[in-house]
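Just below is one structure, and these are the notes that go with it.
The values are calculated or read from the model by the stated rules, or taken from the named source; none is laboratory data. What you see is a predicted model; the values in this text were computed from it and never measured. No Cβ is skipped: glycine too gets one built from the backbone with ideal geometry, and neighbour counts run over all protein chains shown. Heads up: the accessible areas ignore ligands, DNA and RNA and are worked out on the full protein's heavy atoms, side chains in. Shrake-Rupley method; radii C 1.70, N 1.55, O 1.52, S 1.80 Å.
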Protein chains: 2
Amino acid sequence: MQIISSSTIQSWERFYRANFVNSLTGFKSVSLIGTINQKGQPNLGVFSSVVHLGSDPALVGYINRPIQAAPHTFANIQSTGVYTINHIHPSFLEQAHQTSAKYPDEVSEFDEVGLLPEFLEDTLAPFVKESKVKYALTLEEIIPIKLNNTFLIIGKIQHVKLEEDIILADGFLELDKAESMCSNGVDGYYTTQLIDRYQYAKPGMKTKKIKF
Amino acid sequence: MQIISSSTIQSWERFYRANFVNSLTGFKSVSLIGTINQKGQPNLGVFSSVVHLGSDPALVGYINRPIQAAPHTFANIQSTGVYTINHIHPSFLEQAHQTSAKYPDEVSEFDEVGLLPEFLEDTLAPFVKESKVKYALTLEEIIPIKLNNTFLIIGKIQHVKLEEDIILADGFLELDKAESMCSNGVDGYYTTQLIDRYQYAKPGMKTKKIKF
């Protein structure tokens, strides 16, 4: 095994360093965030920083990069207070990645990459029709992270739309069956294979697998 | 597909709701966080909320649950300012999950579950010897999330120790080759399979795969 110091990491060329540091934190969720601006123009972007914050209330966070680097999703959420998070599957992976290109504000990534916007219930923001697991959120709080000018955007889960055959009897979702993907680094996309689920662990008790 | 409203989610029994909401956000990194207290007592806990914040400086966040629910890791990071993040692999998955049991403060999870603490360079906090990808962090900031009494803990990457044969020429880490795992829900653990890497996307250019 190799040991690498922080000064070595700091000395690297910036794309090499970005690839390395983005991989080091491990696999991450990867989703398309759908928003709309005040003129009714839809926007779609790929994000790999969605993080579960709590189940009661059901709160979800994501990290928005500095505003100059990622302005549209942030501005639309600020102005409308609503957004959608849509899982990505292999059937539209290439389109999902292409949403990361820097399109001008007046362009809809849905049109450019070839994905269908879908409007559900009273949610203003567009969902991705092709996605099998998706949910709407209302903005709760934007927390600035001053260390590097990023933001933690916190939303509360509203409507959820998903394929019902992936919900198990205990509420767990078989995301591998839905072929929801995860990512690594800035550009690697993966499917998954379940190894095991384990029962709630207690001191002095043997770890037990959940059979289902 | 099924549509579920926020009031339905709120009405569910709490374990069902926790399973559902924890799965809804998609696959996530899963790691062991190693810390030590002022008396030299090591602590180890499993966390699935690690999130990449930036590469320059190299900043990593994780969400700590309310202090009563997850006190030891938080207290040790506050008092020593240092911690390690260690990837989990199938060879010690059961031990990794077992660290989630609520052991008393004076007990080392390393001893209880059967993992080996490893001390590297000048880092006070223990690494997990069995892990193939691991890194030390120094505490930069603790941001309270008042909405649900959780915390965003932000650290700066220091030493990294990893298997050198997973580093590609562009800095990307082949985490699937190292069998780093990801998780879903509160208790599901997965390995992954690379589908593709894609080149930096630009408007008007066809999405291209990275060959390596």
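Points worth noting:
Residue by residue, here is whether (1) touching a residue at least 40 places away in the same chain (Cβ under 8 Å); (2) under 22 Å from the mean Cα position of the chain (by Cα); (3) within 20 Å of residue A:93 (Cβ to Cβ) holds:
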residue: B:149; (1), (2), (3): yes, yes, no
residue: B:156; (1), (2), (3): yes, yes, no
residue: B:164; (1), (2), (3): no, yes, no
residue: B:179; (1), (2), (3): yes, yes, no
residue: B:183; (1), (2), (3): yes, yes, no
residue: B:195; (1), (2), (3): no, no, yes
residue: B:203; (1), (2), (3): no, no, yes
residue: B:209; (1), (2), (3): no, no, yes
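- Within region A:181-212, considering residues that are farther than 11 Å from residue B:184 by Cα and among the hydroxyl-bearing types (Ser, Thr, Tyr), the one most open to solvent (accessible area, probe 1.4 Å): A:200
- Those residues of region B:53-94 which are at the interface with chain A (Cβ under 9 Å from one of its Cβ atoms), open to solvent by 40 Å² or more (accessible area, probe 1.4 Å) and without any contact (Cβ under 8 Å) to a residue 24 or more places away in the chain, in sequence order: B:56, B:94
- Scanning region B:116-143 for residues that are of a type in the set (A, V, I, L, M, F, W, C) and over 30 Å from residue A:150 (Cα atoms) gives B:116, B:119, B:120, B:128.
- Test for residue A:117: is it surrounded by fewer than 21 Cβ atoms within 10 Å (Cβ to Cβ) and within 12 Å of chain B (Cβ to nearest Cβ): no
- Residue check for residue B:106: out of contact with any Leu (no Cβ under 8 Å at 6 or more places or on another chain) and within 11 Å of another protein chain (Cβ to nearest Cβ): no
- Flag for residue A:161 being among the basic types (Lys, Arg), within 8 Å of chain B (Cβ to nearest Cβ), assigned to a strand (DSSP E or B) and open to solvent by 50 Å² or more (accessible area, probe 1.4 Å): no
- Failed item, numbered, when residue A:123 is tested on (1) among the β-branched types (Val, Ile, Thr); (2) over 28 Å from residue B:194 (Cα atoms); (3) in contact with a Pro (Cβ under 7 Å, 6 or more places away or on another chain): (3)
- Scanning region A:24-46 for any residue that is within 11 Å of chain B (Cβ to nearest Cβ), under 18 Å from residue B:84 (Cβ atoms), in contact (Cβ under 8 Å) with a residue 40 or more places away in the chain and in contact with a Gly (Cβ under 8 Å, 6 or more places away or on another chain) turns up nothing.
- Residues located in region B:120-136, provided they are more than 11 Å from chain A (Cβ to nearest Cβ) and open to solvent by 20 Å² or more (accessible area, probe 1.4 Å): B:124, B:130
- Only residues that are open to solvent by less than 10 Å² (accessible area, probe 1.4 Å) and of a type outside the set (Ser, Thr, Tyr) were counted in region A:170-180, giving 5.
- Test: residue in region A:112-125 that is of a type in the set (Ser, Thr, Tyr) and under 22 Å from residue B:49 (Cβ atoms): no
- Taking the numbered list (1) at the interface with chain B (Cβ under 7 Å from one of its Cβ atoms); (2) in contact with a Pro (Cβ under 8 Å, 6 or more places away or on another chain) in turn, residue A:156 passes all entries but (1).
- Those residues of region A:182-198 which are assigned to a loop (DSSP other than H, G, I, E, B) and more than 7 Å from every other protein chain (Cβ to nearest Cβ), in sequence order: A:186
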